[in-house]
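See below for the structure under consideration.
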Amino acid sequence: MDVLVVGATRGSGLAVTRRLVAEGHRVTAFGRTAGAAFDAPLPGPGTVRPVDSDVLDPEAVAKAVVGQEAVVVTLGISDNPLAVQWLRRASTALDVRSAGTATVLAAMRDAGVRRLVVQTTYGLGDSWRHLSLTWKLTFRFVIGRQFADSARQEGLVRASGTDWTLVRPVSLTDQPADDGAHVSTDGDVRGMTVSRGQVARAVVDALADPRTAGATLSVSS
């Protein structure tokens, strides 16, 4: 499958790209430092074509979407969350999730690409009721701006008319994990941490399964 991964250079996006290549897919890795991130081959039978550009550049995104069979969006802000929340300071646009996803959706419509998997965050929508008070306070006061932008992002995806799947992981870690994640459609989770590798497996599995179109998946260890 030809897959565009938007936000491919770090975190979950990098894990998803690695997983796709390991499973033999042809990946276009889109990110501001994609060339540097993928200057060495990844293990597996698949391929990576890095594209250095910004998701808020409509022309660059449009070019990257052409010829793809599916798109994975893993946008986020890697800066200190307290600086983002209280100082509005980040190396990325504060609304990168919603604005970037809007750019991707416009390009997908123009190119006729329908399959889309977007990583957001657990706690949005009906999963909010499953959070403890501590997590609710953390979401409100530590990552509130980012959480609100993820909510806007989900709204855009749901209204897009694409064959979308939303993936909501709990708190992400870089711990190695070979086992699969716990994936549910009803907000049920097993703990509040999950490795990025497990999330990558869940994303790639969802991408290949047409039954997940229109579903919102909660992902935990």
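The values are calculated or read from the model by the stated rules, or taken from the named source; none is laboratory data. Small disclaimer: the values here were computed from a predicted structure and weren't measured. Every residue, glycine among them, receives a Cβ derived from its backbone with ideal geometry; neighbour counts consider all protein chains shown. Just so you know, the surface numbers come from the protein's heavy atoms only, side chains and all, with ligands and any DNA or RNA stripped out. Shrake-Rupley method; radii C 1.70, N 1.55, O 1.52, S 1.80 Å.
Can you tell me which residues in region 71-105 are within 30 Å of Asp209 (Cα to Cα) and of a type in the set (Lys, Arg)? The one that is within 30 Å of Asp209 (Cα to Cα) and of a type in the set (Lys, Arg): Arg97. Is it the case, given these coordinates, that Arg88 is open to solvent by 70 Å² or more (accessible area, probe 1.4 Å), over 28 Å from Met1 (Cβ atoms) and among the basic types (Lys, Arg)? Yes; evaluated as a whole, the condition is true for this residue. From Val194, Val167, Val117, Val183, grab the single residue that is in contact with a strand residue (DSSP E or B) (Cβ under 6 Å, 6 or more places away or on another chain), farther than 20 Å from Gly7 by Cα and in a strand (DSSP E or B). Only one candidate passes the filter, namely Val183. Scanning region 125-152 for residues that are assigned to a loop (DSSP other than H, G, I, E, B) and either within 20 Å of Ser78 (Cβ to Cβ) or open to solvent by 60 Å² or more (accessible area, probe 1.4 Å) (or both) yields Val142, Ile143.
The residues of region 158-188 that are touching a residue at least 40 places away in the same chain (Cβ under 8 Å), within 21 Å of Gly11 (Cα to Cα) and open to solvent by less than 40 Å² (accessible area, probe 1.4 Å), listed by number, are Thr165, Leu166, Val167, Arg168, Pro169, Val170, Ala177, Ala181. The criterion of at least 1 residues that are touching a helix residue (DSSP H, G or I) at 6+ places or on another chain (Cβ under 9 Å) and within 23 Å of Val203 (Cα to Cα) is met, among helices (runs of 4 or more DSSP H) falling completely within region 11-89, by 11-22, 34-37, 58-65. Taking the listed residues Glu23, Glu59, the one that is closer than 25 Å to Ala213 by Cα and either surrounded by fewer than 21 Cβ atoms within 10 Å (Cβ to Cβ) or of a type in the set (Asp, Glu) (or both) is Glu23, with no other qualifying.
Screening Thr216 against (1) among the polar types (S, T, N, Q); (2) in a helix (DSSP H, G or I); (3) within 23 Å of Val6 (Cα to Cα) leaves a single unmet condition, (2).
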